[in-house]
Amino acid sequence: MTIFDPFKVKNITLPNRIVRSATAERIAMQDEREGRQLGEIYAALARGGVGLIISGHNTVHPSGRLYPTMASISSEGNFKAWRKTVEITHEAGGVLFLQLNHGGGRCSKNAESTAVCVSLLPDFPKDSMLGAELDNEKIHELIKAFAAAARNAREVGADGVQIHAAHGYLISQFLSPLTNRRQDEWGLSLECRAEFLRMAVREARKAVGDDFPLGIKLGACDDDPAGLRLEETLQVAKWAEADGIDFIEISGGFRKDLARRHVKPGVNEGYYLPFAAQFKKELKIPVFVVGGLRSLEKMNAALSAGQCDAVSMSRPLLCQPDYPRILREGGECRCCGCSLCLLKQTQPTVCHSKNK
Ligand SMILES: Cc1cc2nc3c(=O)[nH]c(=O)nc-3n(C[C@H](O)[C@H](O)[C@H](O)COP(=O)(O)O)c2cc1C
Ligand code: SF4
């Protein structure tokens, strides 16, 4: 098996097993011009050979915006922009899933008046969780917001959705014992900590119907020994599978390590592969894996060893949107893993390497 073999997610046959992992484009999606701008980025990925494009994260609710240019799919105000993006992506032959997110207690720096958090942790040593602590009513409102956003994604013509449950944002803040210190039904045990995700999945499923691809991105563990452990995330994934997800993408990193630096072909490649392999053993749904995958040899070996069903990439495709074609032709990866692309949140995301 190779990454160029076709692959089925739910009812969609993808031309290959190469996924563009969600990469925030920092285009707010407020009008058609922005929709066209994003559509052209996705068209380049589709033409470059990406089998499945997962959009950058979209806030599902005004309180979930991490920075002013974060995209949104929370209201009809975003529909025109998204319809344009979908149209351009489809014309180029692309398949597009929208990623749904809420920044939770990390939004406070940008949206102090509306920010919400799972547990108020102003003195959290690495990154404080700020905002109004969520009450029961607000928690249900946010679960409904994930479902409504999934319905909106279907409404604008996207081919599927992915709920973001990794990287220390709201759902990951619920899952992690580092940030979930609640003493109520949302926090006392793993079952309670997973309930927000599980309800969001079940409600989103009801909102989009049985035939629409719905998946999650899950951190295999937190980058902190006191955080979420692999045994726990395996259990969460099994619950989510029972609740009706169609695919899972394995990532990791709770705060700083979502895109590990200094990866290149042959160096620190595929750092979440050993975790993904564990999920493959436990689940029936397709497992994607992201994190430092660069060389054809490494990716094909991972597929052949049954460690994953598809490989996801972010930074190499920022640097070279036609990286799948380059890989097929034996060309080189120019992304050096410097992660400078993560830094400038006020401008649309681009590769800043002088090397491209
Ligand atoms: C500029 C940038 C933006 C990102 N935005 C998102 C995002 O919106 N949602 C998400 O789940 N991950 C996001 N990520 C993480 C990537 O999807 C991926 O998990 C990580 O970069 C590791 O993969 P890579 O080594 O192929 O880059 C982002 C990464 C980068 C570099
Ligand atoms: S700035 Fe460019 S070279 Fe550096 S990690 Fe980002 S995509 Fe790769």
Revision key, fill the gap. Here the residues of segment 284-314 lying in the modelled label zone of A44, meaning backbone nitrogen under 19 Å from a point 7 Å along Cα-to-Cβ, are 313-314
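Taking 2.2 N^0.38 Å as the expected size of a compact globular protein, what ratio does the Cα radius of gyration of the chain give against it, to two decimals? Before the final figure, lay out each step's value.
Working: Rg = 18.6 Å, N = 356, 2.2 N^0.38 = 20.5 Å.
Ratio of Rg to 2.2 N^0.38 Å for the chain: 0.91.
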Check your understanding: segment 55-115: which GluC sites (Glu not before Pro) are DSSP loop and have at most 16 other beta-carbon atoms within 10 angstrom?
Key -> E112
Check your understanding: What fraction of the DSSP beta bridges in the chain is antiparallel, stated in percent and rounded to the nearest 5?
Key -> 15 percent
Check your understanding: Hey, what did segment 7-342 get for relative contact order, percent, Cα under 8 Å, at least 6 apart?
Key -> 16 percent
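Per residue of the chain, what 222 nm ellipticity follows from adding -39500 (n - 2.57) for every DSSP H run with n ≥ 4, rounded to the nearest 500? It would help to have the intermediate numbers written out before the result.
Details: 10 runs with 118 residues, N = 356.
Taken over the chain, the calculation gives -10000 deg cm²/dmol.
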Practice item. Among A259, G330, L142, flag the residue with its Cα farthest along the positive direction of the charge dipole of the chain, charges on Cβ as +1 for Lys/Arg and -1 for Asp/Glu. Key: G330
Review point. Counting Lys and Arg as +1 and Asp and Glu as -1, each charge on the Cβ, what is the dipole of segment 7-342 about the Cα centre in debye, to the nearest 20?
Key: 760 debye
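Counting Lys and Arg as +1 and Asp and Glu as -1, each charge on the Cβ, what is the dipole of segment 94-180 about the Cα centre in debye, to the nearest 20?
Working: 7 positive and 9 negative charges, 42 e Å.
That gives a dipole near 200 debye.
May I ask you to compute the full-extension gain from S75 to E133, defined as 0.36 nm times their residue separation minus their alpha-carbon distance, rounded to one decimal in nm? Present the calculation step by step, with values, prior to reporting the outcome.
Values: separation 58, 0.36 × 58 = 20.88 nm, distance 2.40 nm.
Once the chain is fully extended between S75 and E133, it gains 18.5 nm.
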**Study point:** Among R26, R325, R294: highest mean-square fluctuation, GNM of the chain, C-alpha pairs under 10 Å
**Key:** R325
Point to revise | Dipole-positive endmost among L130, H164, L178 within segment 77-194 (Cβ charges, Cα centre) | key: H164
Point to revise | Residue with peak Gaussian network fluctuation, the chain [Cα springs, cutoff 10 Å], from I248, I216, I285 | key: I285
Check your understanding: Which length gain, in nm to one decimal place, applies between S189 and K126 when the Cα-Cα distance is subtracted from 0.36 nm times their residue separation?
Key -> 20.4 nm
Practice item. Treating the angle as unsigned and between 0 and 90°, give the value, to the nearest 10°, between the Cα long axis of helix 190-208 and the longest Cα principal axis of the chain. Key: 60 degrees
Practice item. Taking amide H positions as placed in the peptide plane 1.01 Å from N, state which residues far from E133 in sequence (5 or more) or on other chains have amide H under 5 Å from it. Key: C117
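Each value in this text was obtained by applying a stated rule to the coordinates, not by laboratory testing. What you see is a predicted model, and the numbers here were worked out from it, not measured in a lab. Every residue, glycine as well, gets a Cβ built from its backbone with ideal geometry; the counts of neighbours run over all protein chains shown.
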